[in-house]
Amino acid sequence: MLSSISLSGALKRVSAIRSLPTRYYCSAIPSALVPRKHRKTERLPVLSMDSSRPTPASKRQRTSVEVAGMTPRHEVGKTFNVPGLVVREHTFTVPLDYSGQAGPYKGQTITLFARELLAPARNENLPFLVYLQGGPGFEAPRPCEASIWIKSAVNSHRVVLLDQRGTGRSAPITTTNLAKKGGPEEQAEYLALFRADSIIRDCELVRKLLVPPTSFGGKWALLGQSFGGFCVVTYLSQAPEGLMEAIITGGLPPRISQPCAAEDVYRTLHKRVLAANAKYYERFPGDVELVGRIVRYLAAQPGGSVQLPSGTKLTPRLLQTLGLSGLGTGGSFERLHYLLDSFFDGYGEMTPAFAKGFEAWQSWDTNPLYALLHEPIYCQGPGSACRWAADRVRNSEPFASAFDAEAAAAENRPVMFTGECVYRFMYDDIAALRPFKETADVLAEKSDWSTLYDTAALSANRVPAAAVSYVDDLYVDYDMAMETAGTIKGLKVWVTNEYRHSGIRDDGGRIFERLLGMARNAIFD
């Protein structure tokens, strides 16, 4: 079954690539295999927009913008240097609830935090580019040096690393402060204000406060990775007038015309995960026996689990979730293998090293927003409840049998790891999530989510935009990404199997420069 799924998926992708329109760019030969003297260096097109020198941030007058009954504020913080970068901190006071409707959060504000990155020359004559992090629920990178894509980006932009609301220093949602919002219903109502549409409203206020109207028409550029790419498409739908160009890496959202795409997303994901497991065990065949032994060990413990230092119950089904981080990024196979290799000591017991390593792979205690909003990011409009879509898919055939860890271990079959899903059982097994199980249930049944995408606006898009879509992406389905690409007018797509989902981390400079060049060469009918 695994080989047939893998083969049919590969044939489908090859067929899809061959039939791509001419505006898609295909690449399959890693640049590292091309002799340096033969590599093509792309010269980025020069911006033609007004680029008169803006006023330095320390002297800039604050823009007066009133929204949702309050006047947003902007404060410039400290500036410091790291190798290859000048870092300037900013804080912004914005509305918590943009709806303007009466409710418990009407008139309340939150503080957003961002770091502006400049090259050491401090060229303030460059356009701004805001980076939207993957997630949902993860803060922007904390730069220690000019590395990866940032090193390239500061040559053409002033980069803004914005902590999206609910993360980092932007009104962070934690396992302690969420409980202070009240019961499950109140917590769910609060969490509903932290989706992509609110993030984009935040970005628009930040843009108006940060970017002078005399600098590139007051517009800025976008770079969105993974969930950040979902946010970019929401931005193109709802506020394109603020954008000069947009770049998406591994983040074209699926089935954007549907009320909730979650079930379709997880059905295709489980198929891709089975194929990824087959590749993993081909790479490390000895792990078939090792993982089966681990599952049998866990199942034989009292209660069918081992308690970790945090209070989390390590069950066979929770062990399978290592596939979320262990199957879909550059070098992840090796990291997963090394972690599993550390499980047993010389006496047949689990080592403290594995327990610590397992918990280090998880972010549920530090970034609970990732779990709580994981399925709702696919919901929009009336009748859009997700209703634990990942569970419904996993509990249906053929996946119920394929992902039965204990049966596989008993029959000496490969135990299948799972992918980027948040299952309901995780609110039982993971200590940090247990207090929020009822809240998650309320979110799963919520059916009146706000609208995220406007297909009519996307079909009339005039913002130069480019995206890279990874054929072997475990997290974002390639075929569904291509469906969405076809709805965005003028979008140029680079299709490649050179990278996995972590391309921006693994070879970000090359990816950023190529996509920026593609966007700046955009031609509209």
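The values are calculated or read from the model by the stated rules, or taken from the named source; none is laboratory data. Note that this is a predicted model, so its numbers are computed, not measured. We place every Cβ from the backbone using ideal geometry, glycine too, and count neighbours over all the protein chains shown. Quick note on the areas: whole protein, heavy atoms, side chains included, nothing else; ligands and nucleic acids left out. Shrake-Rupley method; radii C 1.70, N 1.55, O 1.52, S 1.80 Å.
Applying the condition of being free of Cβ contacts under 8 Å to residues at least 12 places away in the same chain and of a type outside the set (D, E, K, R) to the stretch 73-102 and asking which residue is surrounded by the fewest Cβ atoms within 10 Å (Cβ to Cβ) yields 102. Among the criteria (1) in a loop (DSSP other than H, G, I, E, B); (2) free of Cβ contacts under 8 Å to residues at least 60 places away in the same chain; (3) farther than 28 Å from residue 212 by Cα, the one residue 180 does not fulfil is (1).
Checked against (1) touching a strand residue (DSSP E or B) at 6+ places or on another chain (Cβ under 8 Å); (2) of a type in the set (Gly, Ala, Ser); (3) within 21 Å of residue 501 (Cα to Cα), residue 275 passes all but a single condition, namely (1). Would you point out the residue of the stretch 233-264, among those that are hydrophobic (A, V, I, L, M, F, W, C) and more than 30 Å from residue 153 (Cβ to Cβ), that is surrounded by the most Cβ atoms within 10 Å (Cβ to Cβ)? Of everything passing the filter in the stretch 233-264, 262 is surrounded by the most Cβ atoms within 10 Å (Cβ to Cβ).
A single entry from 406, 397 fulfils the requirement of being out of contact with any Leu (no Cβ under 7 Å at 6 or more places or on another chain), open to solvent by 10 Å² or more (accessible area, probe 1.4 Å), farther than 28 Å from residue 135 by Cβ and outside any loop (DSSP other than H, G, I, E, B): 406. Scanning the stretch 284-299 for residues that are under 12 Å from residue 349 (Cα atoms) and of a type in the set (Phe, Trp, Tyr) yields a total of 1. Figure legend. Inter-residue proximity from the stretch 247-268: first residues without any contact (Cβ under 8 Å) to a residue 24 or more places away in the chain, second residues open to solvent by 10 Å² or more (accessible area, probe 1.4 Å), beta-carbon distance below 8 Å, spacing 6+ or different chains. Indicated pairs: 258/264. Residues in the stretch 333-351 that are in contact (Cβ under 8 Å) with a residue 40 or more places away in the chain and either over 25 Å from residue 275 (Cα atoms) or of a type in the set (Gly, Ala, Ser) (or both): 344, 348, 350. Once the stretch 419-435 is narrowed to residues that are within 22 Å of the chain's Cα centre (by Cα) and open to solvent by less than 20 Å² (accessible area, probe 1.4 Å), the residue that is nearest to residue 274 (Cα to Cα) is 419.
Tell me, yes or no, whether the stretch 158-171 has at least one residue that is in contact (Cβ under 8 Å) with a residue 40 or more places away in the chain, open to solvent by 10 Å² or more (accessible area, probe 1.4 Å) and among the aliphatic types (A, V, I, L, M). Yes. On inspection, residue 415 does not qualify as assigned to a loop (DSSP other than H, G, I, E, B) and without any contact (Cβ under 8 Å) to a residue 60 or more places away in the chain. Against the list (1) under 21 Å from the mean Cα position of the chain (by Cα); (2) closer than 30 Å to residue 176 by Cα; (3) surrounded by fewer than 21 Cβ atoms within 10 Å (Cβ to Cβ), the condition residue 441 fails is (1). If you filter the stretch 456-475 down to residues that are closer than 16 Å to residue 223 by Cβ and part of a loop (DSSP other than H, G, I, E, B), you find that the one that is most open to solvent (accessible area, probe 1.4 Å) is 464. Restricting the stretch 103-146 to residues that are open to solvent by 10 Å² or more (accessible area, probe 1.4 Å) and among the hydrophobic types (A, V, I, L, M, F, W, C) leaves a set whose member that is nearest to residue 369 (Cα to Cα) is 138.
Within the set 77, 107, the sole residue that is under 30 Å from residue 188 (Cβ atoms) and in the same structural domain as residue 190 (by the TED database) turns out to be 107. Annotation: residue 423 fulfils all but one of (1) farther than 30 Å from residue 361 by Cα; (2) outside the structural domain of residue 156 (by the TED database); the unmet one is (1).
Of the residues 488, 504, the single one that is of a type outside the set (Asp, Glu), assigned by the TED database to the domain that holds residue 226, buried (at least 18 other Cβ atoms within 10 Å of the Cβ) and farther than 27 Å from residue 276 by Cα is 488.
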